[in-house]
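Notes follow once the structure below has been shown.
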Amino acid sequence: MELIQEPIEGLKLIQPNVFGDQRGYFFESYSKTAFGKLGIHTEFVQDNESLSAKIGVLRGLHFQAPPKAQAKLVRVIQGAVMDVVVDIRKNSKDYGKSFAVELSAENKKILFIPEGFAHGFATLEENSIFSYKCSDFYAPETEGTISWDDPNLAIHWGVESPILSEKDKNGVLFSDFKSPF
């Protein structure tokens, strides 16, 4: 595993070692030892997977507040997404800064997102399968949503006319957001 970059303190973009031949490929998508060497010592307790059937499905920007905050390890199994995070740690020098990266089945990149970030993604291909490990269990009473189209965040999602859930249509503007981190 190779750390490609750490665009915001604690946020790590990782390229696994992929071994391929005429039969296909193999790679470790998670190894406690390998991730520990990259400074990631998070214990994950839940794995999630979502399928987005259409291009332009946008999910986010979501987070869980303490004491049920979640770190995540995210990747794409099939298809491609524009993955986006926003630093919502009040005392961070990067508070309010966003980072976007294309994650795909082809590039196999993995993103580690520590606690204190809002997260979302938009599908760039049909039938995209998104996989993520979480450091705490889902707790709907602690979740929050920041508006995906907040003009102050100016996030480029890579899709036109996104397909949204009701929850995602009603996210709070960042200027009205009170961070619990």
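The values are calculated or read from the model by the stated rules, or taken from the named source; none is laboratory data. From a predicted model like this one, the values you see are computed outputs, not experimental measurements. For neighbour counting, all protein chains shown are included, and Cβ atoms are generated from backbone atoms with ideal geometry for every residue, glycine included. Ligands, DNA and RNA are excluded from the accessible area calculation, which covers all protein heavy atoms including side chains. Shrake-Rupley method; radii C 1.70, N 1.55, O 1.52, S 1.80 Å.
Scoring residue 118 on the criteria (1) touching a residue at least 60 places away in the same chain (Cβ under 8 Å); (2) within 21 Å of residue 40 (Cβ to Cβ) leaves a single failure, condition (1). Just one of the listed residues (181, 112) is of a type in the set (A, V, I, L, M, F, W, C), touching a residue at least 12 places away in the same chain (Cβ under 8 Å) and under 30 Å from residue 24 (Cα atoms), namely 112.
Among residues of the stretch 154-176 that are on the phi > 0 side of the Ramachandran plot, those with a Cβ under 9 angstrom from a residue that is among the charged types (D, E, K, R), sequence gap 6+ or separate chain, pair up as 158/102. For the stretch 1-35, a residue qualifies if it is basic (Lys, Arg), open to solvent by 80 Å² or more (accessible area, probe 1.4 Å) and under 19 Å from residue 133 (Cα atoms), and exactly one does: 32.
This table checks each residue for (1) polar (S, T, N, Q); (2) at pLDDT 95 or above; (3) in a loop (DSSP other than H, G, I, E, B); (4) more than 20 Å from residue 144 (Cα to Cα).
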position	(1), (2), (3), (4)
60	no, yes, no, no
63	no, yes, no, no
67	no, yes, yes, no
70	yes, yes, yes, no
75	no, yes, no, yes
82	no, yes, no, yes
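Against the conditions (1) over 22 Å from residue 145 (Cβ atoms); (2) touching a residue at least 40 places away in the same chain (Cβ under 8 Å); (3) not aliphatic (A, V, I, L, M), residue 10 satisfies every one except (1).
Among the residues of the stretch 127-135, not a single one is closer than 25 Å to residue 91 by Cβ and touching a His at 6+ places or on another chain (Cβ under 8 Å).
Taken over the stretch 60-79, the criterion of being within 13 Å of the chain's Cα centre (by Cα) and either among the small types (Gly, Ala, Ser) or over 14 Å from residue 138 (Cβ atoms) (or both) is satisfied by 60, 61, 71, 73, 74, 75, 76. Of a type outside the set (Lys, Arg), touching a residue at least 12 places away in the same chain (Cβ under 8 Å) and in contact with a helix residue (DSSP H, G or I) (Cβ under 8 Å, 6 or more places away or on another chain): which single residue out of 86, 74 fits that description? Being of a type outside the set (Lys, Arg), touching a residue at least 12 places away in the same chain (Cβ under 8 Å) and in contact with a helix residue (DSSP H, G or I) (Cβ under 8 Å, 6 or more places away or on another chain) holds for just one of 86, 74, which is 86. In the set (1) part of a loop (DSSP other than H, G, I, E, B); (2) in contact with a helix residue (DSSP H, G or I) (Cβ under 9 Å, 6 or more places away or on another chain); (3) touching a residue at least 40 places away in the same chain (Cβ under 8 Å), residue 145 fails one condition alone, (1). Which residues, taken from the stretch 94-118, are of a type in the set (Gly, Ala, Ser), surrounded by fewer than 19 Cβ atoms within 10 Å (Cβ to Cβ) and over 30 Å from residue 19 (Cα atoms)? Passing the criteria: only 96. Restricting attention to the stretch 134-163, the residues being within 20 Å of residue 102 (Cβ to Cβ), surrounded by 12 or more Cβ atoms within 10 Å (Cβ to Cβ) and of a type outside the set (Phe, Trp, Tyr) number 7. Of all residues in the stretch 76-92, those being in contact with a strand residue (DSSP E or B) (Cβ under 9 Å, 6 or more places away or on another chain) and either open to solvent by 60 Å² or more (accessible area, probe 1.4 Å) or of a type in the set (Asp, Glu) (or both) number 4.
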